[in-house]
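Engineer: Pasting a structure here, questions to come.
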Protein chains: 2
Amino acid sequence: MTSRAESAAATRRALLDAAAELLDSGGLDAVTLRAVGARAGVTRGAPYRHFPDKESLLIAVGTQAWDTLGDRMHALRADPGLSPAEKMRNGLIALIDIGRFQPHLYKLMFSNPPGDPTALARAAQRSQTEFLAVVADLVGEQDARRYAALLISSASGIAGLEASGQLADPKWGGVSAEDLTDTLVDMVAGKRSPAPATDDLPPGTP
Amino acid sequence: MTSRAESAAATRRALLDAAAELLDSGGLDAVTLRAVGARAGVTRGAPYRHFPDKESLLIAVGTQAWDTLGDRMHALRADPGLSPAEKMRNGLIALIDIGRFQPHLYKLMFSNPPGDPTALARAAQRSQTEFLAVVADLVGEQDARRYAALLISSASGIAGLEASGQLADPKWGGVSAEDLTDTLVDMVAGKRSPAPATDDLPPGTP
DNA sequence: TTGAGTCAGTTGACATCGTCATCTGAAAGC
DNA sequence: GCTTTCAGATGACGATGTCAACTGACTCAA
């Protein structure tokens, strides 16, 4: 019925899912190898048959999240119903939404482990390359690298500030992550809007 | 010579310094209450006479860093030799430099503890309020809140990406944190520069 | 079919960590 | 001078990451 390899793969998947769920619900402190094992139906030592380290398990969770975002970016880029600016905005919002709804996972995605500083950066490759192509469609190849780097940096910063609750401070006048993203996209797209942003979305998705 | 209160205050300071040094050199994992105590010349239980919690000690370290940055922002704002745009740029670079040279401290400054989500946000107040005033000098009161929030978000994102090593990826064409900051400042200041950024700093500090 | 080999999973053990209860001794106040 | 206060030391406990040894079921060649 189930071969040994299949069973092992299923356990590995269960461990990843368990770790992701624990991270979502209880934060990084809740991700204990014992808890992960229990939720996956195995004991504390079992994860060491699939990951050399607790850190490696967490990196795998972060990599999974980057891959999922990469798929979304790819689909977004291929969507014929969206303008380049809309693709750009939606891509940034997709990243910000992770920070909004899965703050612990988001933090993990941007935390470089001391072991392999490039592990998560490699996982982020596809997402960022897809986004780079979207930006190039809007501002041209020449400036795409610089603007894409700026946009991703800014979006991750917006998500970070919102995740830490600092965006809710009244001194910012109740500005939302979407407001900031729109301001940013407008600036890059060349149509600076000095008027207060009361409009949320340019018409395009009725 | 040294009263009991003075001695206690000195110990508290020593604990904070020890925690900050350990954080800088070895990351968050190196900040152990035992190690902090040892470096401060006391034993593992002593920190509990000054901080209710290890988390509280870390929050105090982060608060100290925010206060220092706040002083810098204040001095920057009062500097008569700098244009508003230069003040803005220097303020952002000051934040980015923390991420560059003290990445662990930087991460701590933006990590909201589960205990009191507003503790670090309160500490960040002054820095951000000073910066808000600088931005208002450049773009007016009307848009200052939105642009200041965007600039701080972006700068923290730039610092975060650089701290995680992702900015060094060749797909960004070797863009630096300063390049991105300049691009951002130029966009907000209204003079969009579609040309590649080969100039680093506008003349002003001979 | 059978036997050895592989390997996912279990279990026991250890060092380290945060934290608490208790103890000690010196400074502070009457 | 006596009592109080409190910074610091110490012992202990539970939880955690990790390793070594063990177990047992699956795999595969002969």
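The values are calculated or read from the model by the stated rules, or taken from the named source; none is laboratory data. Values in this document were obtained by computation on a predicted structure and should not be read as measured data. Backbone-built Cβ (ideal geometry, glycine too); neighbour counts: all protein chains shown. Just so you know, the surface numbers come from the protein's heavy atoms only, side chains and all, with ligands and any DNA or RNA stripped out. Shrake-Rupley method; radii C 1.70, N 1.55, O 1.52, S 1.80 Å.
Engineer: Could you grab the Rg to Rh ratio for the stretch A:1-51? Cα atoms only, Kirkwood for Rh.
Structural biologist: Radius of gyration relative to Kirkwood radius: 1.01.
Engineer: To one decimal in nm, how far is A:ARG126 from the same spot in the other copies, if labels go 7 Å from Cα toward Cβ? Please give the shortest first.
Structural biologist: 4.8
Engineer: With a sphere of radius 13 Å drawn around the Cβ of A:HIS74, what net charge do the other residues whose Cβ falls strictly inside it have (Lys, Arg +1; Asp, Glu -1)?
Structural biologist: Neighbour charge sum, excluding A:HIS74 itself: 0.
Engineer: So, with a 1.4 angstrom probe, what is the percent of accessible area on chain B that is carbon and sulfur?
Structural biologist: 54
Engineer: Report the full-extension gain for the segment A:ALA8 to A:THR129: residue separation times 0.36 nm, less the Cα-Cα distance, to one decimal in nm.
Structural biologist: 40.3 nm
Engineer: Moving to a separate point now. If you stretched the chain out fully between A:LYS171 and A:ASP71, how much longer would it get, using 0.36 nm times the residue separation minus the C-alpha to C-alpha distance?
Structural biologist: Extending this stretch completely gives an extra 32.3 nm.
Engineer: Could you identify which residue out of A:LEU180, A:LEU23, A:LEU120 has the top mean-square fluctuation in a GNM of chain A using Cα springs shorter than 10 Å?
Structural biologist: With Cα springs under 10 Å in chain A, the top fluctuation among A:LEU180, A:LEU23, A:LEU120 is at A:LEU180.
Engineer: Okay, next question. Does anyone have the angle between helix B:177-189 and the longest principal axis of chain B? Alpha-carbon axes, 0 to 90°, nearest 10?
Structural biologist: 60
Engineer: Still on this structure: Tell me the net charge near A:ILE158. Cut-off is 13 Å between Cβ atoms, A:ILE158 excluded, with +1 for each Lys or Arg and -1 for each Asp or Glu.
Structural biologist: Around A:ILE158, the surrounding residues sum to -2.
Engineer: Also: Using only Cα atoms, what is the ratio of the radius of gyration of the stretch A:1-121 to 2.2 N^0.38 Å?
Structural biologist: After normalising by residue count via 2.2 N^0.38 Å, the value is 1.22.
Engineer: For the protein assembly as shown, state what percent of all Cα-Cα pairs lands in each successive 20 Å bin, counting from 0 Å until the bin that includes the largest distance.
Structural biologist: Taking every Cα pair in the protein assembly as shown, the percentages come to 25, 54, 20, 1, 0.
Engineer: Please give me the summed charge of the neighbours of A:VAL175: other residues whose Cβ is under 11 Å from its Cβ, Lys and Arg +1, Asp and Glu -1.
Structural biologist: Neighbourhood net charge equals -3.
Engineer: Would you mind giving the mean number of other chain beta-carbons within 10 Å of the Cβ of each residue in B:169-180, as a whole number?
Structural biologist: If you average over the peptide's residues, the count of other-chain Cβ atoms is 4.
Engineer: Another question about this same structure. Report Rg(Cα)/(2.2 N^0.38 Å) for chain B, keeping two decimals.
Structural biologist: Rounded to two decimals, the normalised Rg is 1.17.
Engineer: Per residue of the stretch B:62-74, in order, report the coupling 6.51 cos²θ - 1.76 cosθ + 1.60 (Karplus, θ = phi - 60°) as ³J(HN,Hα) in whole Hz, putting x for Gly and Pro.
Structural biologist: Computed from phi, the couplings for the stretch B:62-74 are x, 4, 4, 5, 4, 5, 4, 5, x, 4, 5, 5, 5 Hz.
Engineer: Short version: which residues of the stretch A:137-152 lose at least 50 Å² of accessible area, all chains versus chain alone, 1.4 Å probe?
Structural biologist: A:ARG145, A:ARG146, A:TYR147, A:ALA149, A:LEU150
Engineer: Just to confirm the numbers: B:GLY26, label point 7 angstrom along the Cα-Cβ line, distances to the other copies in nm, shortest first?
Structural biologist: 2.7
Engineer: Can I ask one more? For the stretch B:11-50 and the stretch A:56-87, what is the separation of their Cα centres, given in Å?
Structural biologist: 41
Engineer: Let me ask something else. Would you calculate a helix-derived [θ] at 222 nm for chain A, using -39,500 (n - 2.57) for each DSSP H run of n ≥ 4 and dividing by the full residue count, to the nearest 500?
Structural biologist: -22500 deg cm²/dmol
Engineer: Same structure again: I'd like the orientation of helix A:119-139 relative to chain A: the angle between its Cα long axis and the longest Cα principal axis, in ° from 0 to 90, rounded to 10.
Structural biologist: It is inclined by approximately 20 degrees.
Engineer: Given the rotation that superposes chain A on chain B, what residue of A brings its beta carbon nearest the axis, and what is the distance in Å?
Structural biologist: A:GLY157, 1
Engineer: Given the options B:GLY157, B:GLY37, B:GLY45, state which has the largest fluctuation in a GNM of chain B using a 10 Å cut-off (strictly under) for Cα springs.
Structural biologist: In this elastic network of chain B, the residue with the biggest mean-square fluctuation among B:GLY157, B:GLY37, B:GLY45 is B:GLY45.
Engineer: Among A:ALA20, A:ALA189, A:ALA85, whose mean-square fluctuation peaks in a Gaussian network model of chain A (Cα, cutoff 10 Å)?
Structural biologist: With Cα springs under 10 Å in chain A, the top fluctuation among A:ALA20, A:ALA189, A:ALA85 is at A:ALA189.
Engineer: How much accessible area is lost when chains A and B come together, counting both sides, with a 1.4 Å probe, in Å² rounded to the nearest 100?
Structural biologist: Looking at A and B, the buried total is near 4200 Å².
Engineer: Starting from a label point 7 Å past Cα on the Cβ side, list the distances from A:ASP97 to the same position in the other copies, nm, shortest first.
Structural biologist: 4.0
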